[in-house]
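The values are calculated or read from the model by the stated rules, or taken from the named source; none is laboratory data. The shown structure was predicted, so the numbers you read here are calculated from the model rather than taken from an experiment. Counting neighbours? That spans all protein chains shown, and the Cβs are built from the backbone with ideal geometry, glycine included.
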Amino acid sequence: MAEGYVCLACSTADSADLYYAKDHLVSGKEFTIRKCQACGMGWTVDPPSESEAGAYYVSEDYISHTDRRQSASDYLYHLARSFMLGRKKRLVTQATGRNTGVIVDIGSGTGYFPAYMQKRGWHATGVEISEAARKYYADRFGLKAISPANVKDLPTASADCITLWHVLEHLYSPDEWFAEISRVLKGDGRCIVALPNFSSTDARWFGNRWAALDVPRHLWHFTPESLRLFAELNGFVCERIVSLPLDLFYISILSYRNQGKPLALINGLITGAFLAVRSGFRKEKSSSLVYVLVKR
Ligand SMILES: [Zn+2]
C-alpha cells in the first residue's frame with residue numbers, strides 16, 4: 001500500500017493524496033485515500049497491518065444478523081440475498097458455459113453462496129478467514145470452508161470458476177492471491193471479480209462521503225481501467241464486464257446514513273435515480289461492476 005506509493009495496477013510511482021475518508025462502521029478514524037495519476041487506481045494509505053485488521057470487522061454482529069427475521073429491514077435483507085444468489089449463479093453459468101463443475105469462492109463469509117451452488121450440483125469450496133464464519137457455515141449447512149492458509153492445498157488446475165464477490169478490495173497482497181488463483185484455475189476456467197467502481201458517477205458525486213470507500217477495510221479502490229491493468233499484470237485478460245445496477249441505490253442510502261442525514265432511505269433512492277440518469281446508464285460509470293477474467 002504505502003510501499004513507495006507504487007501503483008498496484010500499473011506500477012507507476014506518480015500518485016497524489018485525494019482526500020480523507022472516515023471509518024463509519026467501527027473506529028471513527030480517518031484514512032487518506034491516494035490516487036494513481038496514471039491509471040486512476042485508488043488505495044487506502046497506512047491501513048492497519050494484516051494482523052490488526054480483524055479488529056476493524058464486526059463479524060459477530062454480522063453473523064447474528066444473517067438469520068434474524070424480525071424487522072422489515074431483515075425481510076428486505078433476505079429478499080435481496082435470495083435475489084443476489086440467483087444472479088450470481090447465472091453470472092457463473094454465463095461466464096463458464098457450464099451448469100455444474102468445481103467452484104472456489106474466496107471470502108465466502110457465512111457461506112450462503114457456496115452452499116447455494118453445492119445444492120445445485122456444483123462442487124463448491126469456500127475460503128474464509130474468519131473462524132466464526134467458517135463455524136457458522138459448518139453448523140448451518142454441514143459444509144466445510146477452508147482458511148486462506150490452506151488454499152495452497154487445493155489441487156492445481158482443478159477449478160472451473162473462482163469467485164471474489166466484493167472481496168479483492170479487502171485483500172492484503174492481491175498479487176499473491178492472483179498467483180494462487182491462476183494456479184488453481186483450469187486453463188479454460190473463469191475468475192469472477194465483483195468490485196465497487198472508484199470512477200463511478202456516485203463515487204464522484206459523494207467524494208470522500210462515498211460509502212463504498214469503507215476504509216480501512218477496503219484497501220484498494222479499483223476503476224474499470226485499473227482492474228484491467230491489474231488483471232493483465234497478473235496473467236489474466238478481462239473478457240467481459242457486467243454492471244450491478246441495484247448497488248447504486250444501496251450505496252447512496254448508506255452514504256447518507258453514514259453522515260447521519262435524516263430520511264436517508266428516501267434521499268438515497270432519489271439521489272440514486274438522479275445519478276443513474278446522470279451516468280447516462282453507461283456501464284463504466286456504474287456503482288459496482290462484475291469482471292469476468294480468463295487466463296492469458
Ligand atoms: Zn496506476
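Helices (runs of 4 or more DSSP H) fully within the range 153-266 that include at least 1 residues being in contact with a Phe, Trp or Tyr (Cβ under 6 Å, 6 or more places away or on another chain) and of a type in the set (Lys, Arg): none found.
Residue pairs whose Cβ atoms lie under 6 Å apart, separated by 6 or more positions or on different chains, with the first residue in the range 33-45 and closer than 17 Å to TYR172 by Cα and of a type in the set (Phe, Trp, Tyr) and the second modelled with pLDDT of 95 or more and outside any loop (DSSP other than H, G, I, E, B), are TRP43/ARG34; TRP43/TRP220. If you check LEU219, LEU213 for being within 16 Å of the ligand (Cβ to nearest atom), among the aliphatic types (A, V, I, L, M), under 22 Å from TYR5 (Cβ atoms) and touching a residue at least 60 places away in the same chain (Cβ under 8 Å), only one passes: LEU219.
Would you please name the residue that is surrounded by the fewest Cβ atoms within 10 Å (Cβ to Cβ), looking only at residues in the range 221-238 that are over 19 Å from ARG278 (Cα atoms) and touching a Ser or Thr at 6+ places or on another chain (Cβ under 8 Å)?
Top of the filtered list is GLY235.
So which residues in the range 17-44 are among the hydrophobic types (A, V, I, L, M, F, W, C), at pLDDT 95 or above and more than 11 Å from the ligand (Cβ to nearest atom)? If the condition is that a residue be among the hydrophobic types (A, V, I, L, M, F, W, C), at pLDDT 95 or above and more than 11 Å from the ligand (Cβ to nearest atom), then LEU18, ALA21, PHE31, ILE33 are the ones that fit. When the strands (runs of 3 or more DSSP E) confined to the range 1-57 are screened for residues that are in contact with an Asp or Glu (Cβ under 8 Å, 6 or more places away or on another chain), those reaching at least 1 such residues are found at 15-22, 30-36. The C-beta contact set for the range 245-273 (first residue within 21 Å of VAL290 (Cα to Cα), second residue in a helix (DSSP H, G or I) and hydroxyl-bearing (Ser, Thr, Tyr), distance under 6 angstrom, 6+ apart or interchain) comprises SER252/THR271; GLY272/SER252.
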